[in-house]
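Before any comments, here is the structure.
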Amino acid sequence: MQAGYGFCLDDCNVFVKYLPPELSDRDFYKMFKCFGTIISSKIMVDQATGKSLGYGFVRYVSSADSQRAISAMNGHRVANKRLLCKLANQSPSSSSSFNPEFVKNPLLVRQTPSDNIYIKPLLSDTTEDDLRCLFGEFGEIVDCKVMIDRHTGVSRQIGFVRFEAVDQATMAIDKMNNYKLDPAAPPLIVKYADTKEQKIARKTLRQQQQQQYHTFPGQPLDASAEYINATMSNLSLNKNGSDSSLDDSGDHYGT
């Protein structure tokens, strides 16, 4: 994990831009599977037309896998395109291209106390029983969930635990944030799960960025829009398969 602007950057998640419009999700997956174990991969599409937006994300089990993919595929020619591959949430040259409006939205940065907590990144084999063992000491667990990619059946390495009381969730956050499940694993991010209002705000921001893309057809997204789209993939699990609010398979865990 790398830090910047108050966010933890996921060094297992690769942002890939300048994909040919005819490239399928299956071919996208095949293109990157030789570099390591893939948790999820997705080409982002216009929800109205279903057409590719020309970029996607590949999440690997380890940062070593993502770095191999970036080293091999950045600048690689596919059809008449040369790919841009980099870590998601990392701007092409410096942090100065980050759009501060993202941070200024209080809904997107506020932590609202809740009995429901968000946990990331789990180990690839972490189960719901493991979560109950890890967090059961902090209070009575009402429900817990490890999010699974619906297409591959592989863990997304994200979990949710709902306690009986807010103070139990707060204690779990205080004790378990930055805890390591394994000496070689990155530290956990444990925080209050998004409220319904925060999920709506994130969805609205994504739609605004897509609208900006269509305002200038045929032109690439500028660096700030590109950065925000990458950021959104790590902060919210969504229907397009990017990765953190929840998709419809587990929506009640993020409220």
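The values are calculated or read from the model by the stated rules, or taken from the named source; none is laboratory data. Computed from a prediction, not measured in an experiment: that's the story for all the values here. Don't worry about glycine lacking a Cβ; one is built from the backbone with ideal geometry, like all the others, and counts go over all protein chains shown. For the accessible areas, the whole protein counts, side chains as well, though only heavy atoms, and no ligand, DNA or RNA atoms are used. Shrake-Rupley method; radii C 1.70, N 1.55, O 1.52, S 1.80 Å.
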Residue list for the range 130-155, filter: in contact with a strand residue (DSSP E or B) (Cβ under 9 Å, 6 or more places away or on another chain) and open to solvent by 80 Å² or more (accessible area, probe 1.4 Å): Arg132, Glu140, Val142, His151
Return yes or no: is Thr204 loosely packed, with under 13 Cβ neighbours inside 10 Å and either β-branched (Val, Ile, Thr) or closer than 27 Å to Lys42 by Cβ (or both)? yes
Of all residues being buried (at least 16 other Cβ atoms within 10 Å of the Cβ) and among the charged types (D, E, K, R) in the range 49-85, which is nearest to Leu122 (Cα to Cα)? Just the residue, please. Arg59
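This table checks each residue for (1) over 23 Å from Leu19 (Cα atoms); (2) at pLDDT 80 or above; (3) β-branched (Val, Ile, Thr).
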position	(1), (2), (3)
Val190	yes, yes, yes
Ala193	yes, yes, no
Gln207	no, no, no
His214	no, no, no
Gly218	no, no, no
Kindly provide the set of residues from the range 10-48 that are open to solvent by less than 60 Å² (accessible area, probe 1.4 Å) and within 16 Å of Ser71 (Cβ to Cβ), ordered by number. Asp11, Cys12, Asn13, Val14, Phe15, Val16, Met31, Phe32, Phe35, Gly36
